[in-house]
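Only one structure is covered here, and it is reproduced in the block below.
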Amino acid sequence: QQQVRQSSQSLTVWEGETAILNCSYENSAFDYFPWYQQFPGEGPALLIAIRSVSDKKEDGRFTIFFNKREKNLSLHIKDSQPGDSATYFCAANPASSGSWQLIFGSGTQLTVMP
Amino acid sequence: GPKVLQIPSHQIIDMGQMVTLNCDPVSNHLYFYWYKQILGQQMEFLVNFYNGKVMEKSKLFKDQFSVERPDGSYFTLKIQPTALEDSAVYFCASSLGSANTEVFFGKGTRLTVV
(Lines give C-alpha, C1' and ligand atoms only; values in the text may rest on other atoms or scores of the structure.)
Protein backbone atom coordinates (compact mmCIF):
# COMPACT_ATOMS: atom_id res chain seq x y z
CA GLN A 1 0.00 0.00 0.00
CA GLN A 2 1.57 3.26 -1.14
CA GLN A 3 1.48 5.97 1.48
CA VAL A 4 2.42 8.66 -1.06
CA ARG A 5 0.91 8.31 -4.47
CA GLN A 6 1.70 10.14 -7.68
CA SER A 7 -1.10 9.45 -10.08
CA SER A 8 0.81 10.04 -13.32
CA GLN A 9 3.91 8.10 -14.26
CA SER A 10 4.59 10.54 -17.06
CA LEU A 11 3.43 13.94 -18.28
CA THR A 12 4.23 15.79 -21.49
CA VAL A 13 3.66 19.52 -21.96
CA TRP A 14 4.74 22.13 -24.48
CA GLU A 15 7.29 24.79 -23.72
CA GLY A 16 5.59 27.75 -22.05
CA GLU A 17 2.66 25.74 -20.65
CA THR A 18 2.02 25.11 -16.96
CA ALA A 19 2.82 21.56 -15.92
CA ILE A 20 0.71 20.22 -13.05
CA LEU A 21 1.97 17.22 -11.12
CA ASN A 22 -0.35 15.63 -8.59
CA CYS A 23 0.33 13.82 -5.36
CA SER A 24 -1.86 12.34 -2.65
CA TYR A 25 -1.11 10.77 0.70
CA GLU A 26 -2.72 8.53 3.29
CA ASN A 27 -1.19 9.32 6.63
CA SER A 28 -2.66 12.31 8.48
CA ALA A 29 0.54 12.53 10.52
CA PHE A 30 2.52 13.72 7.49
CA ASP A 31 3.27 17.39 7.92
CA TYR A 32 6.23 18.16 5.69
CA PHE A 33 6.08 17.68 1.92
CA PRO A 34 9.19 18.24 -0.22
CA TRP A 35 9.28 17.85 -3.97
CA TYR A 36 12.49 16.50 -5.44
CA GLN A 37 13.72 16.88 -9.02
CA GLN A 38 15.94 14.21 -10.50
CA PHE A 39 17.82 14.28 -13.80
CA PRO A 40 19.15 11.03 -15.32
CA GLY A 41 22.37 9.92 -13.64
CA GLU A 42 21.95 12.40 -10.79
CA GLY A 43 20.60 12.13 -7.27
CA PRO A 44 17.31 13.79 -6.34
CA ALA A 45 17.60 17.49 -5.51
CA LEU A 46 15.16 19.44 -3.35
CA LEU A 47 13.06 21.74 -5.50
CA ILE A 48 10.49 23.19 -3.12
CA ALA A 49 8.77 22.09 0.09
CA ILE A 50 5.66 22.94 2.09
CA ARG A 51 4.51 22.34 5.64
CA SER A 52 0.95 21.31 6.38
CA VAL A 53 0.15 24.58 8.12
CA SER A 54 0.29 26.31 4.71
CA ASP A 55 -1.89 25.83 1.66
CA LYS A 56 0.46 27.38 -0.85
CA LYS A 57 4.18 27.80 -1.33
CA GLU A 58 5.71 29.66 -4.23
CA ASP A 59 9.31 29.86 -5.39
CA GLY A 60 9.83 31.45 -8.78
CA ARG A 61 8.10 29.35 -11.44
CA PHE A 62 7.33 26.55 -8.95
CA THR A 63 4.23 26.54 -6.73
CA ILE A 64 2.86 23.90 -4.39
CA PHE A 65 -0.88 23.89 -3.70
CA PHE A 66 -1.76 21.87 -0.60
CA ASN A 67 -5.19 20.59 0.48
CA LYS A 68 -4.99 19.10 3.94
CA ARG A 69 -8.65 18.06 4.07
CA GLU A 70 -8.40 16.13 0.81
CA LYS A 71 -4.85 14.90 1.57
CA ASN A 72 -3.49 15.97 -1.76
CA LEU A 73 -1.06 18.46 -3.18
CA SER A 74 0.13 19.53 -6.57
CA LEU A 75 3.26 21.04 -8.02
CA HIS A 76 2.68 23.67 -10.69
CA ILE A 77 5.55 24.57 -12.99
CA LYS A 78 4.75 27.80 -14.81
CA ASP A 79 6.25 28.63 -18.20
CA SER A 80 7.74 25.13 -18.53
CA GLN A 81 11.13 24.92 -20.19
CA PRO A 82 12.82 21.94 -21.90
CA GLY A 83 15.40 22.10 -19.08
CA ASP A 84 12.60 21.22 -16.64
CA SER A 85 12.37 17.76 -18.22
CA ALA A 86 13.14 15.43 -15.32
CA THR A 87 11.51 13.07 -12.87
CA TYR A 88 9.70 14.74 -9.99
CA PHE A 89 9.18 12.97 -6.70
CA CYS A 90 6.64 13.99 -4.12
CA ALA A 91 7.68 13.02 -0.60
CA ALA A 92 6.29 13.28 2.91
CA ASN A 93 7.58 13.16 6.44
CA PRO A 94 5.78 13.03 9.79
CA ALA A 95 8.23 15.56 11.19
CA SER A 96 6.36 16.30 14.38
CA SER A 97 6.38 12.61 15.34
CA GLY A 98 10.18 12.59 15.38
CA SER A 99 10.50 10.23 12.44
CA TRP A 100 13.45 10.84 10.16
CA GLN A 101 12.30 9.11 7.06
CA LEU A 102 11.02 10.64 3.87
CA ILE A 103 8.28 8.59 2.23
CA PHE A 104 8.56 8.96 -1.54
CA GLY A 105 6.03 8.61 -4.32
CA SER A 106 7.01 6.66 -7.40
CA GLY A 107 7.72 9.81 -9.40
CA THR A 108 6.32 11.59 -12.46
CA GLN A 109 8.54 11.86 -15.50
CA LEU A 110 7.97 15.28 -17.04
CA THR A 111 8.86 15.97 -20.66
CA VAL A 112 8.71 19.54 -21.92
CA MET A 113 8.58 19.68 -25.69
CA PRO A 114 10.21 22.70 -27.40
CA GLY B 1 25.66 23.55 -3.97
CA PRO B 2 26.67 21.05 -1.29
CA LYS B 3 27.53 17.63 -2.66
CA VAL B 4 27.16 14.13 -1.33
CA LEU B 5 29.65 11.85 -3.06
CA GLN B 6 29.10 8.13 -3.49
CA ILE B 7 31.78 5.65 -4.42
CA PRO B 8 31.62 3.56 -6.54
CA SER B 9 28.85 4.46 -8.96
CA HIS B 10 28.31 0.85 -9.92
CA GLN B 11 29.32 -2.39 -8.23
CA ILE B 12 28.78 -5.98 -9.26
CA ILE B 13 29.11 -8.64 -6.59
CA ASP B 14 28.57 -12.37 -6.30
CA MET B 15 25.66 -13.46 -4.14
CA GLY B 16 26.82 -14.27 -0.64
CA GLN B 17 29.79 -11.94 -0.73
CA MET B 18 30.15 -8.81 1.38
CA VAL B 19 29.87 -5.34 -0.11
CA THR B 20 30.55 -1.92 1.35
CA LEU B 21 29.04 1.17 -0.19
CA ASN B 22 30.84 4.40 0.61
CA CYS B 23 29.42 7.86 1.04
CA ASP B 24 31.15 11.18 1.63
CA PRO B 25 28.41 13.39 3.09
CA VAL B 26 28.30 17.19 3.08
CA SER B 27 31.10 18.27 5.40
CA ASN B 28 29.16 20.00 8.20
CA HIS B 29 26.13 17.74 8.13
CA LEU B 30 25.17 15.73 11.18
CA TYR B 31 22.44 13.37 9.98
CA PHE B 32 23.05 10.60 7.47
CA TYR B 33 20.67 8.37 5.58
CA TRP B 34 20.54 5.46 3.18
CA TYR B 35 17.68 4.92 0.73
CA LYS B 36 17.11 2.02 -1.66
CA GLN B 37 15.50 2.24 -5.07
CA ILE B 38 14.64 -0.81 -7.11
CA LEU B 39 14.35 -0.05 -10.83
CA GLY B 40 11.01 1.52 -11.67
CA GLN B 41 9.91 1.82 -8.05
CA GLN B 42 10.00 4.58 -5.50
CA MET B 43 12.92 5.34 -3.26
CA GLU B 44 12.53 3.69 0.14
CA PHE B 45 14.09 4.69 3.44
CA LEU B 46 16.54 2.25 4.98
CA VAL B 47 18.20 3.94 7.92
CA ASN B 48 19.10 7.19 9.62
CA PHE B 49 22.37 7.67 11.54
CA TYR B 50 23.26 10.44 13.96
CA ASN B 51 25.99 10.91 16.54
CA GLY B 52 27.39 7.45 15.92
CA LYS B 53 24.07 5.68 16.32
CA VAL B 54 21.22 4.30 14.24
CA MET B 55 18.26 6.53 15.09
CA GLU B 56 15.61 4.91 12.93
CA LYS B 57 15.49 2.01 10.51
CA SER B 58 12.85 0.50 8.29
CA LYS B 59 11.88 -3.14 7.83
CA LEU B 60 14.04 -3.11 4.68
CA PHE B 61 17.13 -2.69 6.87
CA LYS B 62 17.74 -6.40 7.33
CA ASP B 63 20.07 -7.97 9.87
CA GLN B 64 22.62 -8.38 7.08
CA PHE B 65 22.88 -4.58 6.81
CA SER B 66 25.04 -2.37 8.97
CA VAL B 67 26.12 1.27 8.91
CA GLU B 68 28.96 3.17 10.46
CA ARG B 69 31.00 6.33 10.14
CA PRO B 70 34.36 5.58 11.73
CA ASP B 71 36.26 8.69 12.87
CA GLY B 72 34.08 11.06 10.84
CA SER B 73 35.23 9.62 7.54
CA TYR B 74 33.03 7.85 5.00
CA PHE B 75 29.52 6.90 6.01
CA THR B 76 29.25 3.27 4.92
CA LEU B 77 26.55 0.72 4.27
CA LYS B 78 27.74 -2.85 4.55
CA ILE B 79 25.73 -5.81 3.36
CA GLN B 80 26.96 -9.22 4.51
CA PRO B 81 26.02 -11.58 2.99
CA THR B 82 24.43 -10.14 -0.13
CA ALA B 83 21.30 -11.63 -1.71
CA LEU B 84 19.86 -11.28 -5.21
CA GLU B 85 17.07 -9.03 -3.91
CA ASP B 86 19.66 -6.54 -2.70
CA SER B 87 20.20 -5.46 -6.31
CA ALA B 88 19.11 -1.83 -6.44
CA VAL B 89 20.40 1.72 -6.49
CA TYR B 90 21.42 2.85 -3.03
CA PHE B 91 21.28 6.56 -2.33
CA CYS B 92 23.19 8.16 0.50
CA ALA B 93 21.90 11.43 1.90
CA SER B 94 22.79 13.91 4.60
CA SER B 95 21.25 16.89 6.32
CA LEU B 96 22.31 19.54 8.77
CA GLY B 97 19.17 19.21 10.87
CA SER B 98 16.29 16.81 11.23
CA ALA B 99 14.32 15.30 8.36
CA ASN B 100 12.19 18.38 7.73
CA THR B 101 15.24 20.38 6.75
CA GLU B 102 16.83 20.01 3.35
CA VAL B 103 18.18 16.54 2.72
CA PHE B 104 20.94 16.32 0.10
CA PHE B 105 21.26 13.14 -1.93
CA GLY B 106 24.20 11.58 -3.71
CA LYS B 107 24.02 10.20 -7.24
CA GLY B 108 23.59 6.68 -5.99
CA THR B 109 25.51 3.41 -6.24
CA ARG B 110 23.97 0.81 -8.52
CA LEU B 111 24.52 -2.56 -6.85
CA THR B 112 24.10 -5.68 -8.94
CA VAL B 113 24.17 -9.00 -7.12
CA VAL B 114 24.70 -11.95 -9.46
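The values are calculated or read from the model by the stated rules, or taken from the named source; none is laboratory data. Keep in mind that what you see is a predicted model, and the values were worked out from it rather than measured. Virtual Cβ from ideal backbone geometry, glycine too; neighbours counted across all protein chains shown. Accessible surface is based on the protein model in full, side chains and every heavy atom, while ligands, DNA and RNA are left aside. Shrake-Rupley method; radii C 1.70, N 1.55, O 1.52, S 1.80 Å.
Packing-based ranking of B:87-93, B:16-22 yields B:87-93, B:16-22, ordered from highest to lowest mean Cβ neighbour count within 10 Å. The distance from the alpha carbon centre of segment B:33-101 to that of segment A:36-99 is 23 Å, rounded to a whole number.
Residues of segment A:96-110 whose accessible area, computed with a 1.4 Å probe over protein heavy atoms, drops by at least 50 Å² once all protein chains are present relative to their chain alone are A:TRP100, A:GLN101, A:LEU102, A:PHE104. Note on B:LEU96 and B:ALA83: their simple-model spin labels are 4.0 nm apart, each label 7 Å out from Cα toward Cβ.
Please work out the average accessible area per residue across segment A:4-113, using the 1.4 Å probe convention, and give it in Å². Working shown, then result.
On the way: 5060 Å² over 110 residues.
For segment A:4-113, the solvent-accessible area averages 46 Å² per residue.
Counting Lys and Arg as +1 and Asp and Glu as -1, each charge on the Cβ, what is the dipole of segment B:24-78 about the Cα centre in debye, to the nearest 20? Provide the component values of the computation, followed by the final result.
Numbers: 7 positive and 6 negative charges, 36 e Å.
Rounded to the nearest 20 debye, it is 180 debye.
A 1.4 Å probe run over segment B:5-113, with the rest of the protein chains in place, finds 48 Å² accessible per residue.
Burial annotation for segment B:44-64: residues with an accessible-area loss of at least 40 Å² between the isolated chain and the complete set of protein chains, computed on heavy atoms with a 1.4 Å probe, are B:PHE45, B:GLU56.
Counted by Cβ distance under 15 Å from A:ASN67, the other residues give a net charge of +3, where Lys and Arg count +1 and Asp and Glu count -1. Counting only protein heavy atoms and a 1.4 Å probe, tell me what percentage of chain A's accessible area is made up of carbon and sulfur. With neighbouring chains kept in place, the figure for chain A is 45 percent.
With Cβ to Cβ distances under 12 Å as the rule, what net charge do the other residues near A:GLN81 carry (K, R +1; D, E -1)?
On the way: positive: A:ARG61, A:LYS78; negative: A:GLU15, A:GLU17, A:ASP79, A:ASP84.
So the environment of A:GLN81 carries a net charge of -2.
Measuring between alpha carbons in the structure, the pairs from B:LYS53/B:LYS107; B:LYS3/B:LYS57; B:LYS3/B:LYS78; A:LYS68/B:LYS62; A:LYS71/B:LYS62 lying more than 27 angstrom apart are A:LYS68/B:LYS62; A:LYS71/B:LYS62.
For the residues of B:102-114, the average number of beta carbons from a partner chain within 10 Å of their own beta carbon is 3.
On the protein heavy atoms, probe 1.4 angstrom, tell me the percent of accessible surface of chain B carried by carbon and sulfur. Walk me through the numbers before you get to the answer.
On the way: 2880 of 5650 Å².
That share works out to 51 percent.
Taking a probe of 1.4 Å and counting only protein heavy atoms, give the total accessible area buried between chains A and B in Å², rounded to the nearest 100.
On the way: alone 6430 and 6560 Å², together 11170 Å².
Counting both chains, the buried surface is close to 1800 Å².
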